[in-house]
Amino acid sequence: MFNPSQITLGEVSSTIRDLSVVVGIFGIAWKSRGWLEAAKKFFERLTTFMDTVENDSAYIRQGMHTLLSNHLTHIEADLKKMTHRQVRATDEEQDLYKTDDLLET
């Protein structure tokens, strides 16, 4: 039979510690459930988006038109600017780079 007068402080503190561990594990599991659901929804949305992109030819044409008419011209212009600013290595530096590459492999 349960007799509260025979309970020691060690037993009480041990019970409290055990309960706090169990409650902590449940709390962590509850919080991580929310993160896992958010990750699952993100990948579901990503899969839906990729299916739309792969199967919708109008979407593909619009995307390629944007890429070719807008982004590609900017990329080419930036590359031209970069090539004019580029400092060329001398023949001696090129030889050093080649020997360094050979030594690394």
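Quick note: the coordinates plus some simple rules give every number you see, no bench work behind them. Source: prediction; values computed, not measured. Counting neighbours? That spans all protein chains shown, and the Cβs are built from the backbone with ideal geometry, glycine included.
Among the listed residues Ser69, Ser20, Ser5, which satisfies the condition of being surrounded by 10 or more Cβ atoms within 10 Å (Cβ to Cβ), part of a helix (DSSP H, G or I) and of a type in the set (S, T, N, Q)?
Working: Ser69 fails: surrounded by 10 or more Cβ atoms within 10 Å (Cβ to Cβ); Ser5 fails: surrounded by 10 or more Cβ atoms within 10 Å (Cβ to Cβ).
Result of the check over Ser69, Ser20, Ser5: Ser20.
Does any residue of the stretch 90-105 turn out to be under 32 Å from the mean Cα position of the chain (by Cα), among the basic types (Lys, Arg) and either assigned to a loop (DSSP other than H, G, I, E, B) or surrounded by 10 or more Cβ atoms within 10 Å (Cβ to Cβ) (or both)?
No, the stretch 90-105 contains no residue that is under 32 Å from the mean Cα position of the chain (by Cα), among the basic types (Lys, Arg) and either assigned to a loop (DSSP other than H, G, I, E, B) or surrounded by 10 or more Cβ atoms within 10 Å (Cβ to Cβ) (or both).
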